[in-house]
């Protein structure tokens, strides 16, 4: 663990080692209304102050992702392990509050009002503020899009972004989430987890082959994350989008804890992982080190 400012500097100026080359749905059916106990249910059984209905509503909201922006009641029930009847009541309430709507009477999608829930935190947290300023400067110097994210369960949560080019098929901005295992920032953040926690996180991940190049087998992911931990950066070449290659490094607190990750993303069509590393790793590490000393 890095304990001092000098230690942080040493962490970001380690010898750079090139990584090896990247390692190489079940049809929905009838779902019983009897669901296994979720964490929320177990919490409510032992804590009379715990509001289960609120927890379920938040779980329903969290089930929507950039990859699954429209979901049916059955899909939400399967994803949250909440009964369809309870999901239906959650959606009814959320729709009345202007947070979701059903464009076709069958599936549901989020409405912009949901953004108000987390915007105050994302806009006001000191980490997001200092990261945004650093990303603006880094993006301008490199001429590429840069982002900062933290780990949010199984996903990365974008807390700041300086977009030069939109390289993803979905709009990514502050508050967006992507699966941690498939992204450069996510792999950096996963590499900082204790082994037991990492195994739990990987075991429950939906390893979808987003592109022909996606590394989506558990042994390969474990090996790649171990490599990221050793070298201190992650390269994700066409892992979640065919047109995207990204490079990420950790952002450390003064106590040496990994609190976030920074990345640079470039179009995969005009560069490759080796060229991105040559161009951006040193500036990215300098930006991360400067940010670390402000935390």
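The values are calculated or read from the model by the stated rules, or taken from the named source; none is laboratory data. Computed from a predicted model, the values in this text were never measured in an experiment. Using ideal geometry, Cβ is built from the backbone for each residue, glycine included, and neighbour counts are taken over all protein chains shown.
If I filter the range 242-295 down to residues being closer than 20 Å to residue 224 by Cβ and in a loop (DSSP other than H, G, I, E, B), which single residue comes out as farthest from the chain's Cα centre (by Cα)? Residue satisfying both the conditions and the ranking: 272. Only one of the numbered conditions (1) surrounded by fewer than 24 Cβ atoms within 10 Å (Cβ to Cβ); (2) in contact with a helix residue (DSSP H, G or I) (Cβ under 6 Å, 6 or more places away or on another chain); (3) closer than 24 Å to residue 66 by Cβ is not met by residue 229, and that is (3).
Just to be sure, is residue 225 assigned by TED's automatic domain parsing to the domain that holds residue 164, within 20 Å of residue 157 (Cβ to Cβ) and part of a helix (DSSP H, G or I)? In short, yes. Could you please give the count of residues in the range 29-74 that are modelled with pLDDT under 60, part of a loop (DSSP other than H, G, I, E, B) and under 26 Å from the mean Cα position of the chain (by Cα)? So the answer is 2.
Yes/no matrix, rows are residues, columns are (1) closer than 22 Å to residue 73 by Cα; (2) at pLDDT below 90; (3) surrounded by 14 or more Cβ atoms within 10 Å (Cβ to Cβ); (4) in contact with a strand residue (DSSP E or B) (Cβ under 8 Å, 6 or more places away or on another chain):
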| residue | (1), (2), (3), (4) |
| --- | --- |
| 96 | yes, no, no, no |
| 106 | yes, no, no, yes |
| 113 | yes, yes, no, no |
| 116 | no, yes, no, no |
| 141 | no, no, no, no |
| 146 | no, no, yes, yes |
| 167 | no, yes, yes, yes |
| 172 | no, yes, yes, yes |
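Residue-level check: of (1) over 16 Å from the mean Cα position of the chain (by Cα); (2) at pLDDT below 95; (3) crowded, with 20+ Cβ neighbours inside 10 Å, residue 178 misses just (1).
Out of all the residues in the range 118-139, which are at pLDDT below 80 and out of contact with any strand residue (DSSP E or B) (no Cβ under 8 Å at 6 or more places or on another chain)?
Matches in the range 118-139: 118, 119, 120, 121, 123, 124, 126.
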